[in-house]
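Undergrad: If you scroll down you'll find the structure; I have some questions about it.
The values are calculated or read from the model by the stated rules, or taken from the named source; none is laboratory data. Small disclaimer: the values here were computed from a predicted structure and weren't measured. Neighbour counts run over all protein chains shown; Cβ positions are idealised from the backbone, glycine included. Note: areas computed on protein heavy atoms with side chains; ligands, DNA, RNA excluded. Shrake-Rupley method; radii C 1.70, N 1.55, O 1.52, S 1.80 Å.
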Amino acid sequence: MPIEIVCKIKFAEEDAKPKEKEAGDEQSLLGAAQGAAAPRDLATFASTSTLHGLGRACGPGPHGLRRTLWAMALLTSLAAFLYQAAGLAQGYLTRPHLVVMDPAAPAPAAGFPAVTLCNINRFRHSALSDADIFHLANLTGLPPKDRDGHRAAGLRYPEPDMVDILNRTGHQLADMLKSCNFSGHHCSASNFSVVYTRYGKCYTFNADPQSSLPSRAGGMGSGLEIMLDIQQEEYLPIWRETNETSFEAGIRVQIHSQEEPPYIHQLGFGVSPGFQTFVSCQEQRLTYLPQPWGNCRAESGLGEPELQGYSAYSVSACRLRCEKEAVLQRCHCRMVHMPGNETICPPNIYIECADHTLDSLGGGSGGPCFCPTPCNLTRYGKEISMVRIPNRGSARYLARKYNRNETYIRENFLVLDVFFEALTSEAMEQRAAYGLSALLGDLGGQMGLFIGASILTLLEILDYIYEVSWDRLKRAWRRPKTPLRTSTGGISTLGLQELKEQSPCPSRGRAEGGGASSLLPNHHHPHGPPGGLFEDFAC
């Protein structure tokens, strides 16, 4: 009769834990044998750190009131340092700057400035032909008819050329210029260059930046002195008012650098006939800061193209470019004083395009045309004074010299005298009031005052954090997996025949038939059960 033996096996958690601990100890020993060192604990790190107070607050030793007070002092100092550091960082991010002025910088290196002058009257009345009057009706306000009284409906003229009209009908400098002297030397109309502005045909003295004339001394007599006849008899009669109608008599003058185009309708000043006007100049070299401290335009790199039609960037050139783009968008043409190769607007829409340009362009960063100030700028400060000319004695002399009467001399003649006040320039420079080096110095001072730390102390803390994090990451990666166990209710069933087959002990029959038995002596119990069951089970 077969006998079944039922064994109930229970694995306790307490028995498994020592085995896992032993396995972990073996891995630790193996890692130590391979050269990996265990990370320092916080107490060991605190006792060796250069951060003041950390060793007394977190170092080895018993916990008590003294350690608590040190921890509170350390946290309070750390909070005070962070508060001060936040204030310093906020002050640095506001990018403060200051202006440094040097009123006695070295003498001007660029020489004498460029002087542009325009007669306020654009067209000479005697130079206008019937075709000119017809085409310029909207611009001048003159009635579009010929000298015989024929109206526009019966007139037929070829398409006009605006450049040709301005050249022919504008005031000629050779007729206006009566005398010219520069630094005691005689000059003439050939020393002036033709330039076109909103006032038509104008003239610039000392316009070439490659051959700028130097000024050898300051004061009167060392600059440009010219006498002009504004030719009031050539001024256009006013039949009706337009936006281009002028009620003034005189010239417009702008003093600027050679790299900057004239923007005389906004930046020029007026000189009246019957007066000698003295303009005392002083060169001002301005240096602005780029982003993030300011809004100036830094110098372009080698690969960045300049403004079309200009060799260098300037605010005037940028404004002229914006005006050109506005006119091109509306009228599909450009005005004479605008750079480019596009078609020039005909006179009949000239005033319409000009009015649209002034209305559509805005200033500031929010306008359609934003022209930042260059980071390096040269401008000329001016002090203007004047006296009446001619006096009674000179009126008769000038009348005989130029074959004019005294009334004509008083109404049409003017003298313009432009000179340097002194051969020094005024330098104004924007500088960062709080830079990165100042920020680092203040942070280092606050750090040393409150927590006694330095850059190397921060590196120590980062190194310890890296050491602990890397060790934990390696432990999580190399943790051994627990083998799976399958059981059914913790009960295992073994048959007697299976037990005999798995038993390492030889059977009794083999021992009896084969000779000596391998059973231990105490297995042969005389009172045991029949059939040798005890011996088999014991084995």
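Undergrad: Condition check: surrounded by 19 or more Cβ atoms within 10 Å (Cβ to Cβ) and either closer than 29 Å to ASN341 by Cα or modelled with pLDDT of 95 or more (or both). Does SER314 satisfy that?
TA: Yes; evaluated as a whole, the condition is true for this residue.
Undergrad: Considering only residues that are surrounded by 14 or more Cβ atoms within 10 Å (Cβ to Cβ) and modelled with pLDDT of 70 or more, which ones fall in region 353-375?
TA: Those that are surrounded by 14 or more Cβ atoms within 10 Å (Cβ to Cβ) and modelled with pLDDT of 70 or more: CYS353, CYS369, CYS371, PRO372, THR373, PRO374, CYS375.
Undergrad: Is it the case that THR457 is of a type in the set (Val, Ile, Thr), open to solvent by 30 Å² or more (accessible area, probe 1.4 Å) and in a helix (DSSP H, G or I)?
TA: No.
Undergrad: Does any residue in region 158-176 that is open to solvent by 70 Å² or more (accessible area, probe 1.4 Å) come within less than 7 Å, Cβ to Cβ, of a residue that is in a helix (DSSP H, G or I) six or more places away or on a different chain, and which pairs are these?
TA: Short answer, once both residue conditions are applied: ARG168/ALA127; ALA174/ALA189.
Undergrad: Follow-up question, since we're still on this one. Checking HIS97 against (1) modelled with pLDDT of 80 or more; (2) in contact with a Gly (Cβ under 9 Å, 6 or more places away or on another chain); (3) within 30 Å of MET428 (Cα to Cα), only one condition comes out false. Which one?
TA: Single failed check for HIS97: (1).
Undergrad: Then there's this: Would you mind finding the one in TYR196, TYR203 that is open to solvent by 40 Å² or more (accessible area, probe 1.4 Å), in contact (Cβ under 8 Å) with a residue 40 or more places away in the chain and among the hydroxyl-bearing types (Ser, Thr, Tyr)?
TA: TYR196
Undergrad: Filter region 460-477 down to residues that are closer than 17 Å to SER49 by Cβ and open to solvent by less than 100 Å² (accessible area, probe 1.4 Å), then give me how many there are.
TA: Total meeting the criteria: 7.
Undergrad: What strands (runs of 3 or more DSSP E) lie completely within region 158-242 and have 1 or more residues being of a type in the set (A, V, I, L, M) and farther than 24 Å from PHE420 by Cβ?
TA: Filter on region 158-242 gives 192-197.
Undergrad: Moving on. Would you please name the residue that is nearest to the chain's Cα centre (by Cα), looking only at residues in region 61-74 that are exposed (fewer than 14 other Cβ atoms within 10 Å of the Cβ), over 20 Å from ASP41 (Cα atoms) and modelled with pLDDT of 85 or more?
TA: Filtering first and then ranking leaves MET72.
Undergrad: Being farther than 17 Å from GLY452 by Cβ and of a type in the set (S, T, N, Q) is the filter here; which residues of region 46-72 pass it?
TA: THR68
Undergrad: Considering each residue of region 377-405, count those that are in contact with a helix residue (DSSP H, G or I) (Cβ under 7 Å, 6 or more places away or on another chain) and of a type in the set (Ser, Thr, Tyr), and give that number.
TA: Summing the residues that are in contact with a helix residue (DSSP H, G or I) (Cβ under 7 Å, 6 or more places away or on another chain) and of a type in the set (Ser, Thr, Tyr) in region 377-405 gives 0.
Undergrad: For residues that are part of a strand (DSSP E or B) and farther than 30 Å from PRO214 by Cα, tally how many sit in region 392-448.
TA: 2
Undergrad: Listed residues PHE419, PHE450; which is surrounded by 12 or more Cβ atoms within 10 Å (Cβ to Cβ) and farther than 30 Å from CYS281 by Cα?
TA: It is PHE450.
Undergrad: Could you check ILE230 against (1) modelled with pLDDT of 90 or more; (2) within 21 Å of VAL195 (Cα to Cα); (3) out of contact with any Leu (no Cβ under 9 Å at 6 or more places or on another chain) and say which number it fails?
TA: Here ILE230 meets the rest and fails (3).
Undergrad: Have a look at GLN276, GLN266, GLN282 and point out the one that is open to solvent by 40 Å² or more (accessible area, probe 1.4 Å) and closer than 19 Å to SER385 by Cα.
TA: Exactly one of GLN276, GLN266, GLN282 is open to solvent by 40 Å² or more (accessible area, probe 1.4 Å) and closer than 19 Å to SER385 by Cα, namely GLN282.
Undergrad: Give the residue, chosen from SER394, SER425, that is open to solvent by less than 50 Å² (accessible area, probe 1.4 Å), farther than 30 Å from THR287 by Cβ and small (Gly, Ala, Ser).
TA: Just a single option satisfies the conditions, and that option is SER394.
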